[in-house]
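The values are calculated or read from the model by the stated rules, or taken from the named source; none is laboratory data. All figures in this text were calculated on a predicted structure; none of them were measured in a lab. Cβ coordinates were reconstructed from backbone atoms using ideal geometry, including for glycine residues, and neighbour counts include every protein chain displayed.
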Amino acid sequence: MANLTISVDENLVKQARIKAIQEGTSLSAKVREMLAAYVRQDARSAAVVIPTLPVSKATGGLMPGIDPSNNRSIQQAMDADMDVNTLK
């Protein structure tokens with residue numbers, strides 16, 4: 001299990017610990033529950049679709065104009081509405 005460091009208001013942490021104890025659990029367990037619920041909620045709303053980058057049929061690498069060391073260039077190429085030819 002991974003450790004997570006977060007900044008939270010002291011009063012909020014005290015109140016949350018008291019409530020967790022009253023419920024017979026720990027604050028860590030409650031945070032794990034909330035994070036799991038948060039992730040499940042996102043997973044239900046939309047499936048993650050990873051777009052494929054256009055590959056050159058001639059060279060087998062990325063199409064000309066896509067710089068693999070430049071995040072913006074890659075993000076632009078992954079944009080579904082973008083014409084790859086505009087990157088040249």
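Of all residues in segment 56-88, exactly one satisfies the criterion of being of a type in the set (Val, Ile, Thr), modelled with pLDDT of 70 or more and loosely packed, with under 12 Cβ neighbours inside 10 Å, namely Thr59.
Scanning segment 1-38 for residues that are of a type in the set (Ser, Thr, Tyr), part of a helix (DSSP H, G or I) and either surrounded by 11 or more Cβ atoms within 10 Å (Cβ to Cβ) or touching a residue at least 24 places away in the same chain (Cβ under 8 Å) (or both) yields one hit, Ser28.
Of the residues making up segment 17-53, those that are basic (Lys, Arg) and modelled with pLDDT under 85 are Arg40, Arg44.
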